[in-house]
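A short write-up of the structure that comes next.
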Amino acid sequence: LPIWARSAAGCAIAQCSYWMRVDARFETLEDIRRRCVNVAVTCGFCGHRGVVDGAILWRWFALHRWNSRHADVVEHMRCTVCSRRPSLLEATEETPTIIFGPDSEPEWQEVVEKVRRSPHRDPVSEF
């Protein structure tokens, strides 16, 4: 279970204990957030591998109201080397190697405002 602390901005953040074993499989980014792990992303084309902070990735998807199922996460990601979609996503305790998302709470609030101002787009229907 996470231990809760306060960030400099006064927001509650989870200080995770990593004593539990990490299962590389996950259903949604909510699983990643609850388990306090990161996401290892591997490109099937060029073989590039990076690790993204799981909590930041979860917050980004929640903010944009994107579906965070495994297959849907792949649709929103691109390899930083060859720009193709990743072929493998897995949970990991490794330290993030990819800088992603806003650095501070005020920057997050700017993203929130930008998302609120953008026109609502209906998801594409699947037939």
If we keep just the residues of the range 74-86 that are assigned to a loop (DSSP other than H, G, I, E, B) and open to solvent by 80 Å² or more (accessible area, probe 1.4 Å), which is nearest to residue 33 (Cα to Cα)? 76
Taking the range 20-35 as the search range and keeping residues that are out of contact with any Ser or Thr (no Cβ under 9 Å at 6 or more places or on another chain) and either of a type in the set (A, V, I, L, M, F, W, C) or part of a strand (DSSP E or B) (or both), which one is nearest to residue 95 (Cα to Cα)? 20
Let me confirm something: among 53, 72, which residue is under 24 Å from residue 111 (Cα atoms), charged (D, E, K, R) and in contact (Cβ under 8 Å) with a residue 40 or more places away in the chain? 53
Only residues that are at pLDDT below 50 and charged (D, E, K, R): list them for the range 1-48, please. 6, 21
Any idea which residue in the range 36-73 is least open to solvent (accessible area, probe 1.4 Å), counting only those that are farther than 18 Å from residue 101 by Cβ, touching a Leu at 6+ places or on another chain (Cβ under 8 Å) and not in a loop (DSSP other than H, G, I, E, B)? 42
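The values are calculated or read from the model by the stated rules, or taken from the named source; none is laboratory data. Quick caveat, the model's predicted, so the values are computed rather than measured. Cβ: placed from backbone, ideal geometry, glycine included. Neighbour counts: every protein chain shown. For the accessible areas, the whole protein counts, side chains as well, though only heavy atoms, and no ligand, DNA or RNA atoms are used. Shrake-Rupley method; radii C 1.70, N 1.55, O 1.52, S 1.80 Å.
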